[in-house]
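K.L.:
I'd like to ask some things about the structure below.
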Amino acid sequence: MTHITPAFDGSQLAAPAPAKTRRVMDDYEAWVDEVWPAFVAAADSGQPFTIDEVARTRNLPDPPHPKSQWGSLPARLQDAGIIRHHGYGPSARCRKSLVYVWIGVPVRLRELVVARRRDERAARRQARADEKRAA
C-alpha cells in the first residue's frame, strides 16, 4: 500500500505507507512473558542481533512504557544467561546512533554465566557494604 501525494507540477509521488504502530501491552510482566521466546530464539540462532531488529521482524508488542522499558529486557536476558554483549551497530530507526548488538550464549554455558553474574553482583554488594562500614 502506498500513499499518493500529488506534486505541484501535476505528477504524483508514491511513498510507502506509514508503519503501523505496534500493540502496547498493559502489564509489564505479561509483556516479558510474551516477547521472551522471540529473544531466546534469536539467541539460539547464533547470529548477532539488536533488540529493535528482533522486535520489528517478529512484530512484537511494546511494553506499557516503550521509551523506558525496552532497555530493561536485555538486562533480564543477560541475568538469565541467554545473551551477551557482542558489539555496537547502527540503529534501524536512526542511522546516526549506535545500539548494542547482542549474541546468544551457548545453551551448555548458560548456567555457568548465571552463576558468575550472581556471584559478581554479590561481591559488588559486599564491597559497597564494607565501604559503608569503613566510612
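K.L.:
I'd like the full set of residues that are assigned to a loop (DSSP other than H, G, I, E, B) and among the hydrophobic types (A, V, I, L, M, F, W, C), limited to the stretch 89-106.
P.N.:
Ala92, Cys94, Val105
K.L.:
For Gly81, are the conditions met, namely being under 24 Å from Arg22 (Cβ atoms) and surrounded by 13 or more Cβ atoms within 10 Å (Cβ to Cβ)?
P.N.:
no
K.L.:
What are the residues in the stretch 77-111 that are without any contact (Cβ under 8 Å) to a residue 12 or more places away in the chain and not aliphatic (A, V, I, L, M), if any?
P.N.:
Once the filter is applied, which keeps residues that are without any contact (Cβ under 8 Å) to a residue 12 or more places away in the chain and not aliphatic (A, V, I, L, M), the stretch 77-111 yields Pro90, Cys94, Arg95, Lys96, Ser97, Pro106, Arg108.
K.L.:
While we're looking at this one, here's another question. If the requirement is being more than 18 Å from Phe39 (Cβ to Cβ) and at pLDDT 95 or above, which of these qualifies: Ala127, Ala135?
P.N.:
None of the other options fit; the residue is Ala127.
K.L.:
Among the residues of the stretch 97-120 satisfying the criterion of being farther than 20 Å from Phe49 by Cβ and either among the acidic types (Asp, Glu) or open to solvent by 80 Å² or more (accessible area, probe 1.4 Å) (or both), which is farthest from the chain's Cα centre (by Cα)?
P.N.:
Across the stretch 97-120, the extreme among qualifying residues is Asp119.
K.L.:
Let me ask something additional. For the stretch 48-76, give me the residue count where each residue is touching a residue at least 40 places away in the same chain (Cβ under 8 Å) and open to solvent by less than 80 Å² (accessible area, probe 1.4 Å).
P.N.:
So the count comes out to 10.
K.L.:
Here's something else I'd like to know. Sort out which residues of the stretch 87-135 are touching a helix residue (DSSP H, G or I) at 6+ places or on another chain (Cβ under 8 Å) and farther than 22 Å from Gly71 by Cα, and write them in order of number.
P.N.:
Passing the criteria: only Val107.
K.L.:
Provide a single number: the residues in the stretch 51-88 that are within 12 Å of Phe39 (Cα to Cα), touching a strand residue (DSSP E or B) at 6+ places or on another chain (Cβ under 7 Å) and assigned to a loop (DSSP other than H, G, I, E, B).
P.N.:
Counting residues in the stretch 51-88 that are within 12 Å of Phe39 (Cα to Cα), touching a strand residue (DSSP E or B) at 6+ places or on another chain (Cβ under 7 Å) and assigned to a loop (DSSP other than H, G, I, E, B) gives 1.
K.L.:
Quick test for you: out of Pro61, Pro106, Pro37, pick the one residue that is in contact with an Asp or Glu (Cβ under 7 Å, 6 or more places away or on another chain) and modelled with pLDDT of 90 or more.
P.N.:
Pro61
K.L.:
Something else now. Which of (1) open to solvent by less than 70 Å² (accessible area, probe 1.4 Å); (2) assigned to a helix (DSSP H, G or I); (3) over 20 Å from Arg22 (Cβ atoms) is the odd one out, the single condition Gln126 does not satisfy?
P.N.:
Every listed condition holds for Gln126 apart from (1).
The values are calculated or read from the model by the stated rules, or taken from the named source; none is laboratory data. Bear in mind the structure is a predicted one, so any value in this text is a computation, not a measurement. A quick note on method: Cβ atoms are made from the backbone with ideal geometry, for glycine too, and the neighbour counts reach across all protein chains shown. Ligands, DNA and RNA are stripped out before the accessible areas are found, and what is left, the full protein with its side chains, is counted by its heavy atoms. Shrake-Rupley method; radii C 1.70, N 1.55, O 1.52, S 1.80 Å.
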